[in-house]
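Have a look at the structure below, then the notes.
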Amino acid sequence: MQDTFRYTFFVILMVCYANFSHATHAAGMDITYQCIGNSGGSSGVEITVTINTDYYGNEITWDITTSSGTIVASGGPYSLGANTYTITTCVPTGTLTFNWYDSYGDGWNWAGVQGSYTVTQGNATLTSGSPSTGSSGSSYFSVSGGTPCNTSA
């Protein structure tokens, strides 16, 4: 009975960790991902978000929202140092908004190191930017077709 309880608890813990965790991998390139919401969801398509941070990556966050304001993907804050983060996520089709934030309010740049973001689908760039000043901004893009996936509920 005790072994069954331990095994069940371990499996539940693994499922929760897989569904709600953040992780990074540093083997030449950092990959950050985040699961938002519960399992399930609806059909969507894969996109890739590439974030190049300035030295103060810990000030940088972003999200992608639908026209109704629902957050469908997000990332950051990141580590100190100029780094590149590549995130593959599933989003619904249609018009979406990429929102960038800088908690210090000076944009994604420091001492000549300019941060940037690029949202791609396959070889197509959907939106990109290099926030040089301010605490936030946004850009619109449209998603259709592509590699199918299920969005988080």
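The values are calculated or read from the model by the stated rules, or taken from the named source; none is laboratory data. The structure displayed is predicted, hence computed values, not measured ones. Quick reminder, even Gly has a Cβ in these numbers, built from the backbone with ideal geometry, and neighbours come from all protein chains shown. Quick note on the areas: whole protein, heavy atoms, side chains included, nothing else; ligands and nucleic acids left out. Shrake-Rupley method; radii C 1.70, N 1.55, O 1.52, S 1.80 Å.
Please work out which one of (1) over 23 Å from D54 (Cβ atoms); (2) among the polar types (S, T, N, Q); (3) open to solvent by less than 30 Å² (accessible area, probe 1.4 Å) is the condition S116 fails and give its number.
So S116 meets the others, but not (1).
Does A111 fit the bill of being more than 25 Å from G41 (Cα to Cα), open to solvent by 60 Å² or more (accessible area, probe 1.4 Å) and of a type in the set (G, A, S)?
Working: more than 25 Å from G41 (Cα to Cα): yes; open to solvent by 60 Å² or more (accessible area, probe 1.4 Å): yes; of a type in the set (G, A, S): yes.
Here the answer is yes, as A111 does meet what is asked.
Select from region 54-72 the residues that are among the hydroxyl-bearing types (S, T, Y), part of a loop (DSSP other than H, G, I, E, B) and open to solvent by less than 80 Å² (accessible area, probe 1.4 Å) and list them in ascending order. Give the derivation first.
Our first condition is that a residue be among the hydroxyl-bearing types (S, T, Y); within region 54-72, this holds for 55-56, 61, 65-68, 70.
Now narrow it down to the ones that are part of a loop (DSSP other than H, G, I, E, B): 55, 66-68, 70.
Correct list: T66, T70.
Which ones in region 73-90 are in contact with a helix residue (DSSP H, G or I) (Cβ under 7 Å, 6 or more places away or on another chain) and open to solvent by less than 60 Å² (accessible area, probe 1.4 Å)?
Step one: of region 73-90, the residues in contact with a helix residue (DSSP H, G or I) (Cβ under 7 Å, 6 or more places away or on another chain) are 77-81, 83.
Correct list: Y78, G81, N83.
Determine whether N150 is open to solvent by 40 Å² or more (accessible area, probe 1.4 Å) and over 14 Å from T50 (Cβ atoms).
Numbers: open to solvent by 40 Å² or more (accessible area, probe 1.4 Å): yes; over 14 Å from T50 (Cβ atoms): yes.
Yes, satisfied.
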